[in-house]
Amino acid sequence: PPALQEDVAALGARLAKDRALAARGDQRRARAREAAERYEATYRRLGRSYTCINAATMWLVAGDEAHAAALADDARRLVRQEAGDPYWSAATEAEAALVLREPDAAADALRRAAAATTDLAAMASTRRQLQLVCELQGLDPALLGPLTAPTVIHFGGHMISRRFPAEAEPEVAEAIAAHLDEARVGFGFGSLACGADVLFAEALLARGAELHVVLPFATDEFRRVSVAPGSDGWLDRFDRCLEAATSVAHSTTGGYLGHDSLFDHCSRLAMGHALIRATFLAAPVEQVVVWDGEPPSGEAGTAVDVATWRRHGRRTTVIPVGAGAGAGGDDAGSPRPSPRSVHAMLFADVKGFSRLPDAQMGLFLDAVMGPLARTLDRFGDDILFRNSWGDGLYVVLRDVTAAASCALALQDAMRELDLEAVALPSSLGLRVGAHVGPVFEAVDPIRGERNYYGVEVTRTARIEPRTPEGDVYVTDPFAALIALEQPDDLSCEYVGHIPTAKDYGTFPMYVLKRRA
């Protein structure tokens, strides 16, 4: 079909466009010109609107507004002749109008586009493209209002306790419902303890919104620790919400063991997942909590969640409850430190090492493992533990930001090696897998040295064998915390559900990249 022919023919141009939009300054304009030329060549050959309008926008990015305007005019004429999908036709007309600085025509086309689809991913893609055009043309991005996705929230708050008395439930439930309606919330990410969590979940489900639940450990144990203290009625409500949830994830496959750090890790993962979803949908995002305003009483709880979310200037809406009833009965229990701590882990190995003969072992250690070791040295105290065996590396780092930078630096060091110059196969390639989770720190009885243990270490080890050489694959929790910490130079791109080694399971995986 003509539309599919155009899609296939334009693939090279689409890749060139992605490279251009990831760059800045003169490099962006040069790459945009390359993408524009590719799109325009396909348009001249096939005469269709999709490549024509993309050529127009990329010429605009490249700085040639007159050429962009001529192509935008062509695209608007073509799309009216093609009688294609109503949404994409209206979206193309809107983009052409924005390139031509015709805001009234753009607004009309955007209203028609919004009425023609419920596909939020398509609307997000269009919104990102049109946001770019608005910036370039100095137009008010409020024009894009009809394509705004429903709001994404991270929700949380106190369990039923002295800080959230049971008699306050009706008033809090009413306030939650009113805010969800006012903010047009369509997606909620959080846990499911008795009290605020369940009230948010019920309100989201009542409005047909997506409920995404993150539990800090196994479901049955969570019911006992964080739901049953409320009463039997809360257990029934928990079960109904869990069954109706769009997704349910666990922040660790290990048990609770009385370690309150797992609650904080769970909250941070829910926050990261909310941010990932909001980015994908180009949607508004906020945190909404039921909170008495009291400071933290431990290493987890509502006050800690609020501080974590606000650290990067994000918005929190507080639904007040109680009057600061004191530290007792807070969400995560007593403020004792946990023997388990949350850290990031890397496993790496060199594909092709097992085929090296003994005569090349010394060369390999000097020419490959030596530079990798010097790369690790650069990260100083961020590295809590390192070990190696043959070509394998196991590294524990303080947090995901340090781990991400370290993993990419290891790949940089490997790419910079001139393997042929030292008589090693040029086909050798480094694979790195990364994960984050709660681990135990203990002294290895055999070696007499500090080491880190736990099921999350095993999970990390199963990722690396499935990673393509030259890449860094990271887990969903790792990507969520990168989204939460928001480092300027790092991003995680979803690659799919990847089966791990030794039948350990299939998990959503991301590839770690540097921005621009």
Do you know which residues across segment 380-403 are touching a Lys or Arg at 6+ places or on another chain (Cβ under 9 Å) and part of a helix (DSSP H, G or I)?
-> Asp381, Asp382
Any hit, segment 403-415, residues being closer than 14 Å to Met345 by Cα and acidic (Asp, Glu) = no
Kindly indicate the residue of segment 118-142 that is in contact with a Leu (Cβ under 8 Å, 6 or more places away or on another chain) and polar (S, T, N, Q) and also surrounded by the fewest Cβ atoms within 10 Å (Cβ to Cβ) among those meeting that condition.
-> Gln137
Is segment 62-85 home to any residue that is surrounded by fewer than 17 Cβ atoms within 10 Å (Cβ to Cβ) and polar (S, T, N, Q)?
-> yes
Among Thr302, Thr279, the single one that is of a type in the set (Ser, Thr, Tyr) and under 29 Å from Ser491 (Cβ atoms) is Thr279
Quick one: count up the residues across segment 414-445 that are under 24 Å from Val495 (Cα atoms) and either open to solvent by less than 10 Å² (accessible area, probe 1.4 Å) or within 28 Å of the chain's Cα centre (by Cα) (or both).
-> 11
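Which members of segment 28-60 meet the condition of being open to solvent by 50 Å² or more (accessible area, probe 1.4 Å) and not in a helix (DSSP H, G or I)?
Of everything in segment 28-60, just one residue is open to solvent by 50 Å² or more (accessible area, probe 1.4 Å) and not in a helix (DSSP H, G or I), namely Arg48.
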Any strands (runs of 3 or more DSSP E) falling wholly within segment 468-516 and containing at least 2 residues that are in contact (Cβ under 8 Å) with a residue 40 or more places away in the chain and surrounded by 23 or more Cβ atoms within 10 Å (Cβ to Cβ) = 472-475, 506-514
Per the filter on segment 446-464, residues open to solvent by less than 50 Å² (accessible area, probe 1.4 Å) and not β-branched (Val, Ile, Thr) are Asn451, Tyr452, Gly454, Glu456, Arg459, Ala461, Glu464
Return yes or no: is Leu144 touching a Cys at 6+ places or on another chain (Cβ under 8 Å) and of a type in the set (A, V, I, L, M)?
-> yes
Could you list, in sequence order, all residues of segment 64-87 that are small (Gly, Ala, Ser), in a helix (DSSP H, G or I) and under 35 Å from the mean Cα position of the chain (by Cα)?
-> Ala68, Ala72, Ala75
Determine whether segment 190-208 contains at least one residue that is open to solvent by 60 Å² or more (accessible area, probe 1.4 Å), closer than 30 Å to Ala344 by Cα and either not small (Gly, Ala, Ser) or not in a helix (DSSP H, G or I) (or both).
-> no
Tally the residues that are more than 27 Å from Ala228 (Cα to Cα) and open to solvent by 20 Å² or more (accessible area, probe 1.4 Å), restricting the search to segment 143-184.
-> 11
Within segment 209-225, the residues that are part of a helix (DSSP H, G or I) and out of contact with any Gly (no Cβ under 9 Å at 6 or more places or on another chain) are Thr219, Asp220, Phe222, Arg223, Arg224
Would you check if Ala90 is closer than 29 Å to Ala278 by Cβ and assigned to a helix (DSSP H, G or I)?
-> yes
Single residue of Asp382, Asp377 found to be within 27 Å of the chain's Cα centre (by Cα), open to solvent by 30 Å² or more (accessible area, probe 1.4 Å) and modelled with pLDDT of 95 or more | Asp382
Got at least one residue in segment 16-27 being surrounded by fewer than 23 Cβ atoms within 10 Å (Cβ to Cβ), among the small types (Gly, Ala, Ser) and in contact with a Leu (Cβ under 9 Å, 6 or more places away or on another chain)?
-> no
Could you tell me which numbered condition Ser191 fails, if it satisfies all but one of (1) over 15 Å from Thr302 (Cα atoms); (2) within 25 Å of the chain's Cα centre (by Cα)?
-> (1)
Can you pull out the residues in segment 223-251 that are in contact with a Lys or Arg (Cβ under 9 Å, 6 or more places away or on another chain) and of a type in the set (S, T, N, Q)?
-> Ser251
Count, please, the residues in segment 385-413 that happen to be in contact with an Asp or Glu (Cβ under 7 Å, 6 or more places away or on another chain) and either open to solvent by 30 Å² or more (accessible area, probe 1.4 Å) or farther than 30 Å from Arg355 by Cα (or both).
-> 5
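The values are calculated or read from the model by the stated rules, or taken from the named source; none is laboratory data. The structure displayed is predicted, hence computed values, not measured ones. When we count neighbours, we look across all protein chains shown, and the Cβ atoms used for this are built from the backbone with ideal geometry, even at glycine. Quick note on the areas: whole protein, heavy atoms, side chains included, nothing else; ligands and nucleic acids left out. Shrake-Rupley method; radii C 1.70, N 1.55, O 1.52, S 1.80 Å.
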